[in-house]
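J.: This is the structure I want to talk about, given as structure tokens.
The values are calculated or read from the model by the stated rules, or taken from the named source; none is laboratory data. Bear in mind that the values here come from a model prediction, so they are computed numbers and not experimental data. Reconstructed Cβ throughout: ideal geometry from the backbone, glycine too, with neighbour counts over all protein chains shown.
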Amino acid sequence: MRKIVFEQVGNIGMVFLLAAALIQTVTFSTKSTILFGSCWSFFLIWTVLFGILKWLYSKFWKNEGYKFSDGEFSSKDEREKVISSKAVTFAYKVTITILLVECLIFAELDINSSYLQIAGIFFLSGSIIFAFLAYMLSWIFYDLKI
């Protein structure tokens, strides 16, 4: 279970930083120039750091069945494969539902293009974060249940 929490918290942090960097770029860029602010540095640092942490986790905690290349889909036995399958199914259903609701909300918004871009980034990154949370929480639920 620890590997799932580790992976999902890292993924959520990465999506959050990417969204912040994209919003910063959209906010401060003009039609003639694209500006990359400090959030991009934080995003790149986190991506490299998280990659190193994943590699270290796969090397030093092998008894949990974590593989660097498989990430959250690493499994040490058949039980974890079943849990992962059920958690992915639940997360997929949650994500599709959230995206449909966001499309309905987004269609009703009447705002200018700059705010529309920011709202789009916010909605999309929020749905990805909710998908990671849904996967993590459903994995924990099924782990305790099975």
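J.: Does residue 93 satisfy the condition of being under 23 Å from residue 142 (Cβ atoms), in contact with a Ser or Thr (Cβ under 9 Å, 6 or more places away or on another chain) and either surrounded by fewer than 17 Cβ atoms within 10 Å (Cβ to Cβ) or of a type outside the set (Val, Ile, Thr) (or both)?
T.: In short, no.
J.: Same structure again: Being modelled with pLDDT under 95, loosely packed, with under 15 Cβ neighbours inside 10 Å and among the aliphatic types (A, V, I, L, M) is true for just one of 111, 128, 83, 98. Which residue is that?
T.: When all the criteria are applied, what remains is 111.
J.: Yes or no: residue 26 of a type in the set (Val, Ile, Thr) and within 22 Å of residue 123 (Cα to Cα)?
T.: yes
J.: Considering each of 102, 108 in turn, give the residue that is closer than 21 Å to residue 20 by Cβ and among the charged types (D, E, K, R).
T.: It is 102.
J.: Just one of 113, 127 is without any contact (Cβ under 8 Å) to a residue 12 or more places away in the chain, of a type outside the set (Lys, Arg), out of contact with any strand residue (DSSP E or B) (no Cβ under 8 Å at 6 or more places or on another chain) and closer than 24 Å to residue 24 by Cα; which is it?
T.: 113
J.: Report yes if residue 77 is surrounded by fewer than 16 Cβ atoms within 10 Å (Cβ to Cβ), within 23 Å of residue 22 (Cβ to Cβ) and of a type in the set (D, E, K, R), otherwise no.
T.: No.
J.: Report whether or not residue 42 is surrounded by 14 or more Cβ atoms within 10 Å (Cβ to Cβ), of a type in the set (Phe, Trp, Tyr) and closer than 20 Å to residue 146 by Cα.
T.: Judged against the criteria, residue 42 is not a match.
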